[in-house]
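The values are calculated or read from the model by the stated rules, or taken from the named source; none is laboratory data. Every value quoted in this text rests on a predicted model; they were computed, and no experiment measured them. Note that we place each Cβ from the backbone using ideal geometry, even for glycine, and neighbour counts take in every protein chain shown. Side chains included, ligands, DNA and RNA excluded: accessible areas come from the protein's heavy atoms. Shrake-Rupley method; radii C 1.70, N 1.55, O 1.52, S 1.80 Å.
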Amino acid sequence: MTQNLQFTLRIKTDNDQAIDWMVHPEEITFFRTLEVISNILPGTATTAFHYIDEDGEKITVRSDEELKAMFQMYLCDLSDEDIKRGNIPPVTIYPRVGKTPKDRNRFDLKIKTQKGSRSSAEFAQNRNVQSQSHRLSNEVAMGQPMEHSHMIRSTTNENIISQGEIGQYGHMSHDIESPLPGTLHHVSPGQSRTSPMSGQSISSPMLGQQRTSPMVGQQRVSPMGGAMHQVSPSHYSPRSQSTADNIKQILTCGKISAEDLVQDCLLGVGNGGQVYKTFHQPSQRLMAVKVIHLDVDIEVQKKILLELEILYKCNSPSIIAFYGAFFIENQISICTEFMNGGSLDRIKPIPEDVLGHMAVKMVQGLLYMWSLKILHRDIKPSNILVNTDGEVKWCDFGVSTQLVESIAVSHVGTNAYMAPERIKAENYGAPSEVWSLGVTMYELATGEFPFEELTSDTNLLNVCNSILEANPPVLPENKFSPELGDFVSKCMHKVPQQRITHPDILAHPFIQKYIHEGSGKSRNIIASWVKSNI
Ligand SMILES: Nc1ncnc2c1ncn2[C@@H]1O[C@H](COP(=O)(O)OP(=O)(O)OP(=O)(O)O)[C@@H](O)[C@H]1O
């Protein structure tokens, strides 16, 4: 309906100026819009914007679907005659800007001004930590190169400028290796989350209940694209409206403060950190908060938070949603989506027909991240999480080089899933991740690590030697399908150049076998297996 129609997207800046951007609704995506905004408003973090509907209400846009709905609404107001003549008024949008200079102190750290919430000392007591003196927040825009060349016009000075002239293109603030050529990709339609317009009900992992949104009877979507879980009916009160607003604000700005969190139980302990099931009061939702003790100075803390910021851009049903991170003295807390099925290292072996469905999600998640030029760096069963909704998601992406390095300094650990070339300190890229995926698949299928039993006594040097010296193990033919056997063997080829290439993974017969069964069926199969194993 909107084919070939060109709209003027008028982006209002806070000093009452505006920038016009000519767009075709068919071509424009939500992420592209955020990129443009972040270049118009450098130094700010915008993860959403709003427009005013015909009733004068502010409607927030945080996804492709909501963006489409906005154009649709404007289109409905136009007469055929207007359309024919191209008489189309601008669509005005108001970016939601996270950072203002007055929120920062002279160290450029965010100053917490929130009133009425639990005191930080109270929270610190809960968590056995000292009350905090510094708190950082990560609200800095990720400058990304933009690949489009729409014309943009400042409505205040009427100068026509090309988009390439707006602001400085930033660069990734960490050394991401590029496994794929080309520029950043955006979320593919197949990977976008449930449409907020779909009116579907959603389940709450914390309460196991299904309900529709109290606000609009529709599923809400987080700015990261994750479905937002609703407050339970018992929690639903007049406060719920403001709770919903808070959710938006928190997720939009990435503001999660310690005093809003109530720690529940310990979910697990990894190399250098503990993961707690935690309740986030303003949004009434459960989160997994990973707490890592890091002896690093403020500058490094700032850098880590900046580097983690890229996780806001990740929007895939196979990647754990990132809600925010903050430092309290020398501890970082990283807040992510809670997965009630836990990690796959705890529930292996997994029957092949279930594993096949999971493998599709794993591969899709990795391909998505690789397309964003992000490597996981720590692929293994404990970094794959599942839930009783049948979702499978990667967690713990090593997006922050600074964080990875700081953990390595404080907590010595060797990764037994490393590819031979990584052990030899040669190139590390997507092929090395393919290796680790192969090892992971082997372990999930058999229940055993392919090189040696991994226990706390395992000598990792011996494991590394076996990886370098021995022939990679193959799955026993009598127990597994030839497709799965071939998939693992192709991933675990010792020579990286002879491994299955990442673009070909999706086309492998093992993945194809399950991808065609449809995501609904897939989710049911995974969900019932998870339910019977937790
Ligand atoms: N988002 C989450 N939801 C539910 N459980 C989680 C979540 N994140 C982590 N966990 C649980 O906490 C455990 C510890 O996680 P953590 O990332 O600290 O360590 P790990 O991955 O096991 O090891 P390492 O630190 O060596 O990578 C995980 O094994 C998993 O069971």
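Can you find, within the range 314-331, the residue that is most open to solvent (accessible area, probe 1.4 Å) among those that are away from the ligand (no atom under 16 Å from the Cβ) and out of contact with any Leu (no Cβ under 7 Å at 6 or more places or on another chain)?
Among residues in the range 314-331 that are away from the ligand (no atom under 16 Å from the Cβ) and out of contact with any Leu (no Cβ under 7 Å at 6 or more places or on another chain), the one most open to solvent (accessible area, probe 1.4 Å) is GLU329.
If you take the residues of the range 269-303 that are touching a residue at least 12 places away in the same chain (Cβ under 8 Å), closer than 17 Å to VAL404 by Cα and more than 16 Å from the ligand (Cβ to nearest atom), which of them is surrounded by the fewest Cβ atoms within 10 Å (Cβ to Cβ)?
Applying the filter and picking the extreme gives ASP295.
Residues that are in contact with a His (Cβ under 9 Å, 6 or more places away or on another chain) and in contact (Cβ under 8 Å) with a residue 24 or more places away in the chain, at least 1 per element: which helices (runs of 4 or more DSSP H) completely within the range 473-534 meet that?
Per the criteria, 482-491, 509-515, 519-531.
Sort out which residues of the range 51-72 are open to solvent by less than 20 Å² (accessible area, probe 1.4 Å) and part of a strand (DSSP E or B), and write them in order of number.
Listed by number, the residues that qualify are TYR51, THR60, VAL61.
When you go through (1) modelled with pLDDT under 95; (2) within 16 Å of ASP378 (Cβ to Cβ); (3) within 10 Å of the ligand (Cβ to nearest atom) one by one for LEU311, which number turns out not to apply?
Of the numbered conditions (1) modelled with pLDDT under 95; (2) within 16 Å of ASP378 (Cβ to Cβ); (3) within 10 Å of the ligand (Cβ to nearest atom), the odd one out for LEU311 is (3).
Taking only the range 24-33 into account, find how many residues are open to solvent by 20 Å² or more (accessible area, probe 1.4 Å) and closer than 13 Å to ILE93 by Cα.
The total comes to 0.
Kindly list the number of the only condition in (1) closer than 20 Å to VAL275 by Cβ; (2) touching a strand residue (DSSP E or B) at 6+ places or on another chain (Cβ under 6 Å) that fails for HIS376.
Against the list (1) closer than 20 Å to VAL275 by Cβ; (2) touching a strand residue (DSSP E or B) at 6+ places or on another chain (Cβ under 6 Å), HIS376 comes up short only on (2).
For the range 342-356, give me each residue that is under 19 Å from CYS395 (Cβ atoms), more than 8 Å from the ligand (Cβ to nearest atom), open to solvent by less than 20 Å² (accessible area, probe 1.4 Å) and touching a helix residue (DSSP H, G or I) at 6+ places or on another chain (Cβ under 6 Å).
LEU344, ILE350, LEU355
What pairs come out if I take residues in the range 336-347 that are touching a residue at least 12 places away in the same chain (Cβ under 8 Å) and closer than 14 Å to LEU266 by Cα and pair them with residues that are near the ligand (Cβ under 6 Å from one of its atoms) and not in a strand (DSSP E or B) whose C-beta lies under 6 Å away, six or more apart or interchain?
Cβ pairs passing all conditions: SER343/SER382.
Give LEU261, LEU306 a once-over and let me know the one that is modelled with pLDDT of 50 or more and open to solvent by 40 Å² or more (accessible area, probe 1.4 Å).
None of the other options fit; the residue is LEU306.
For the structure I just gave you, tell me whether TRP394 is open to solvent by less than 30 Å² (accessible area, probe 1.4 Å) and away from the ligand (no atom under 16 Å from the Cβ).
no
Take ASN415 and tell me if it is within 10 Å of the ligand (Cβ to nearest atom) and open to solvent by less than 10 Å² (accessible area, probe 1.4 Å).
no
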